[in-house]
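Peer 1: The structure under discussion is supplied below as structure tokens; questions concerning it will follow.
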Amino acid sequence: MTARSSCNPRQRTTPEHDRSVTTRGRPYDAVVPATDRRLARQPRAVAFFDIDGTLVPGISSAIHLAGFLGHLDAVTEAEAAWDAGLVEARYVEEVDARGWAGTTEAQIAKWLTDLPLVDGIGDVLAWCVAHAVVPALATLAWQPVGAYLCNSFGFAEASGPVLEVQEGSYTGVLLQSCDEIAKRDFATRFAKDCGLSLSRCAAIGDSRSDLPLFAEVGLAVAFNADEQARAIAHVEIAGPDLRAVLPALENWLEQLTQT
């Protein structure tokens, strides 16, 4: 089951069994200056950011964690098959999930503090808040990864697959899969909760998992992207700093304001 998303997570009520699909960060209105709380209720747009290959450069968050978990070769092989279009997301998730068995939530949280990230994430999110653009994570990365980035930077919410946890430890059982279609559907629901269509949303991504979302948003930014993503993106940007996407976001938002 897919959880309902909300543009203002603090106002949402979610049944316990629905909490397995999206991860909430700090409420959007908690980081909007008190002098302009109106922006939290009336967002102008949503910006969806991918994690693996976009915010995490060079490798995926799964491969980063697999290096600690001890099944790096298996995950690397599975992700290569995914990149080549030979397998579906669930196959990669199930291969990876088995390696999490017996690992505690605290261990994963500690390893995530070493997750490599592009520069400028905080500044880009500050720009979003200042311009009433809600930042969210549309991703296939595991739920703990999305949670870490939501809590670290203030993304409103994250999609992603979910692993079973019992008494603070992962069992290795996949509870909820998340493929590129689920990622797009998460973005659609999140935008709707904000009172917006995907045409008033931007997506920043790099690869196969971004293609369905790129096809529907008003602005698709291929950031350090592969050929597939570049082919359908509106803008191509390369570099180690996420702030490089700001001119494209600024121009797009200005055009939205004029319509």
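Peer 1: I need the full set of residues from the stretch 185-210 which are part of a helix (DSSP H, G or I), farther than 12 Å from ALA138 by Cα and in contact (Cβ under 8 Å) with a residue 24 or more places away in the chain, in order please.
Peer 2: Across the stretch 185-210, the qualifying residues are ASP193, ARG200, ARG208.
Peer 1: Looking at the stretch 44-56, can you tell me whether even one residue there is over 21 Å from ARG184 (Cα atoms) and either among the acidic types (Asp, Glu) or at pLDDT 95 or above (or both)?
Peer 2: There is no residue in the stretch 44-56 that is over 21 Å from ARG184 (Cα atoms) and either among the acidic types (Asp, Glu) or at pLDDT 95 or above (or both).
Peer 1: I've got another one for you. Under 8 Å between Cβ atoms, at least 6 apart or on separate chains: pull out the pairs that start in the stretch 215-228 with a residue that is at positive phi and end on any residue that is buried (at least 17 other Cβ atoms within 10 Å of the Cβ).
Peer 2: Once the first residue is at positive phi and sits in the stretch 215-228, its partners that are buried (at least 17 other Cβ atoms within 10 Å of the Cβ) give ASN224/GLY53; ASN224/THR54; ASN224/PRO57; ASN224/ASP206; ASN224/ILE237.
Peer 1: Please verify whether GLU216 is assigned to a loop (DSSP other than H, G, I, E, B), under 28 Å from GLY85 (Cβ atoms) and at pLDDT 95 or above, treating the condition exactly as stated.
Peer 2: Yes; evaluated as a whole, the condition is true for this residue.
The values are calculated or read from the model by the stated rules, or taken from the named source; none is laboratory data. Small disclaimer: the values here were computed from a predicted structure and weren't measured. Note: ideal-geometry Cβ built from the backbone for every residue, glycine included; neighbour counts use all protein chains shown.
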